[in-house]
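This report concerns only the one structure given below.
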Amino acid sequence: MSLTDRLDALMASRGIKNKLELSRQSGIPYTTIDGIYKRDPDGIKLSTLRSLCSFFNCSLDFLANGEDNGITRPIIYELIDAAQRCNDDDIRQVITQLEKDWYYNQRLNEYKTKLKEMKDSEAEHV
């Protein structure tokens, strides 16, 4: 996923329909945002990336590289907002499910790592 794909996803999560609306809401000049889409994203100023991160409540690692431990901050904030409208039992159920999902994802990653190590080891012996 490219930087512009991540920007599109973040905009969609906020209900922002286009670059002009992003410019108005974020305070970042339209020409700057338009330039991200039209030119090489490697030339984006760090200050612009930081402004976007601040606006979207996401990490620089996520915006620039797509890395954020699998959960982006905007999703966390949406969950917190939704949780404020839920009762305690609903919140406990969601937390329990998230803990299970986290556990199973961790286990799956461990298995993937072991499998890769085994394949690499077999390749060395051939």
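No value in this document is a laboratory result; all are computed from the given coordinates. Bear in mind the structure is a predicted one, so any value in this text is a computation, not a measurement. Cβ placement follows ideal geometry from the backbone for every residue including glycine, while neighbour counts extend to all protein chains displayed.
Give a residue-ordered list of calculated ³J(HN,Hα) values for the range 105-121 (Karplus: 6.51 cos²θ - 1.76 cosθ + 1.60, θ = phi - 60°; whole Hz; x for Gly, Pro).
These are the phi-based 3J(HN,Hα) values: 5, 4, 5, 4, 5, 5, 5, 4, 5, 4, 4, 4, 4, 5, 5, 5, 5 Hz.
May I ask you to derive the relative contact order of the range 3-69, considering only C-alpha pairs under 8 Å and at least 6 residues apart, and to give it as an integer percent?
Computed over the range 3-69, the figure is 33 percent.
Going through the cross-link list 38/116; 17/45; 19/45, which pairs have a Cα-Cα distance over 28 Å in this structure?
Beyond 28 Å between Cα atoms: 38/116.
Cα to Cα, under 19 Å, and not fewer than 8 places away if on the same chain: which lysines meet these conditions relative to residue 100?
Leaving aside lysines fewer than 8 places away in the same chain, those within reach of residue 100 are 112.
For residue 59, which sequence-distant residues (separation of 5 or more, or a different chain) have an amide H within less than 5 Å of its own amide H, given hydrogens modelled in the peptide plane?
73
How charged is the neighbourhood of residue 117? Take every other residue with its Cβ under 13 Å from the Cβ of residue 117, and add Lys/Arg as +1 and Asp/Glu as -1. List each step's numbers first, then the result.
Details: positive: 112, 114, 116, 119; negative: 110, 120, 122, 124.
Computed value for this residue: 0.
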